[in-house]
1. Among the residues in segment 135-146, are any small (Gly, Ala, Ser) and either on the phi > 0 side of the Ramachandran plot or not in a helix (DSSP H, G or I) (or both)?
Amino acid sequence: MGSNQSTRTITVTNDDLSFITLSESLIKRMVGEGGEESSGSDRSDNQQKGIAAPAPPAPTRGWAEEPKQGHIIEGYSPISSIQLRREVEAAKASVEKYWQRRVHSIKVNEDRASAVEEDNFKRGIAEVQKAFKGYNTAHYENPCTDKVSIVTQCYKDNPRQPLNCHNEVKAFSACVEQKHRNIMQART
């Protein structure tokens with residue numbers, strides 16, 4: 001179904017890089033004129049009569065290949081490791097300054113927000129103290145603490161039947177109402 005393409009690899013060993021010697025049969029095969037390959041002895045004869053062609057330029061490898069001494073590559077300015085280190089350090093210092101400024105501005109904004117919140121909190125406390133200035137809650141105590149413990153114990157003893165504690169709850173409510181009446185009479 002598909003065409004079978006084969007690729008050929010030619011390896012040339014040549015000490016003199018100024019030219020490459022090619023045989024006539026190789027040239028014909030490369031151009032596509034000759035179809036049959038010649039025998040080994042024929043090849044060596046053709047290589048002796050071969051044609052000299054200028055060598056192709058050496059492939060460049062980009063940054064991996066160091067330029068030869070005295071050879072200048074266009075668009076490439078060599079930089080020493082010291083200069084590179086200085087540039088990297090300068091870039092790092094610039095980034096460090098940027099982030100220090102960012103962190104500082106965030107802290108300043110947080111401090112401002114905290115001060116506003118604290119001021120609002122203090123104003124709220126002052127308003128509450130002003131609203132309840134006439135009430136002194138320091139001398140108040142929890143009313144009927146003995147009744148609270150009785151009701152609590154009854155609920156613990158009857159966890160599935162809370163209605164059995166009806167009398168204790170009623171006595172606690174009456175005690176609280178009496179304490180409330182006493183406080184209201186003392187204010188008037």
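1. First, pick out the residues of segment 135-146 that are small (Gly, Ala, Ser): 138.
Filter once more, keeping what is either on the phi > 0 side of the Ramachandran plot or not in a helix (DSSP H, G or I) (or both): 138.
Looking for residues that are small (Gly, Ala, Ser) and either on the phi > 0 side of the Ramachandran plot or not in a helix (DSSP H, G or I) (or both), one finds at least one in segment 135-146, hence yes.
Residues checked against (1) surrounded by 10 or more Cβ atoms within 10 Å (Cβ to Cβ); (2) part of a loop (DSSP other than H, G, I, E, B):
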site: Glu118; (1), (2): yes, no
site: Phe121; (1), (2): yes, no
site: Gln129; (1), (2): no, no
site: Lys133; (1), (2): no, yes
site: Pro159; (1), (2): no, yes
site: Asn164; (1), (2): yes, no
site: Phe172; (1), (2): yes, no
site: Val176; (1), (2): yes, no
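Quick note: the coordinates plus some simple rules give every number you see, no bench work behind them. Just so you know, these numbers come straight off a predicted model, no measurement behind them. Backbone-built Cβ (ideal geometry, glycine too); neighbour counts: all protein chains shown.
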